[in-house]
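Okay, so here's the structure we're looking at.
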């Protein structure tokens, strides 16, 4: 599946409508972003069950600000509406594949329990 352009208008719908979403925050002027783009596109082709979305930080400054993106490229992995990974830097293909494997393996029931316990501790 090709990558999807994510905007303020379709971001929430995209994230809530898919089990796993990988988001690449990028900009056209960013050299590392341009080098990461084919790696991201290739992974999108290999994993059609995952939504691969791209957020142009120049065109979507509100989304970038909302996720406190201060360095690009930043890759974010969201599973079941929960951000499991968000780090700047262009990953090489083997590291991206490893991340995808790890995201698929996460026990989301355990994550929800940990989040609930963390939230309860704050109250």
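The values are calculated or read from the model by the stated rules, or taken from the named source; none is laboratory data. On a predicted model such as this, the values are computed, not experimentally measured, just so you know. Methodologically, a virtual Cβ is constructed for each residue, glycine included, from the backbone with ideal geometry; neighbour enumeration extends over all protein chains shown.
Could you grab me the full set of residues in the range 102-111 that are over 19 Å from residue 51 (Cα atoms) and touching a residue at least 12 places away in the same chain (Cβ under 8 Å)?
111
Can you tell me which residue in the range 89-101 is farthest from residue 48 (Cα to Cα), limited to those that are in contact (Cβ under 8 Å) with a residue 12 or more places away in the chain and exposed (fewer than 14 other Cβ atoms within 10 Å of the Cβ)?
89
Checking the condition more than 13 Å from the chain's Cα centre (by Cα), modelled with pLDDT of 95 or more and crowded, with 17+ Cβ neighbours inside 10 Å, which residue from 25, 36, 40 passes?
Of the residues listed, the single one that is more than 13 Å from the chain's Cα centre (by Cα), modelled with pLDDT of 95 or more and crowded, with 17+ Cβ neighbours inside 10 Å is 36.
Looking only at the range 1-32, which residues are farther than 23 Å from residue 101 by Cα and part of a helix (DSSP H, G or I)?
11, 12, 13, 31, 32
Residue 109: surrounded by fewer than 14 Cβ atoms within 10 Å (Cβ to Cβ), over 21 Å from residue 9 (Cα atoms) and in contact with a strand residue (DSSP E or B) (Cβ under 8 Å, 6 or more places away or on another chain), yes or no?
Taking the combined requirement at face value, the residue does not satisfy it.
With the requirement that a residue be closer than 24 Å to residue 101 by Cβ and touching a helix residue (DSSP H, G or I) at 6+ places or on another chain (Cβ under 7 Å), what does the range 58-80 give you?
Passing the criteria: 73, 77, 78, 79, 80.
Give 15, 51 a once-over and let me know the one that is out of contact with any helix residue (DSSP H, G or I) (no Cβ under 8 Å at 6 or more places or on another chain), surrounded by 14 or more Cβ atoms within 10 Å (Cβ to Cβ) and in contact (Cβ under 8 Å) with a residue 12 or more places away in the chain.
Being out of contact with any helix residue (DSSP H, G or I) (no Cβ under 8 Å at 6 or more places or on another chain), surrounded by 14 or more Cβ atoms within 10 Å (Cβ to Cβ) and in contact (Cβ under 8 Å) with a residue 12 or more places away in the chain holds for just one of 15, 51, which is 15.
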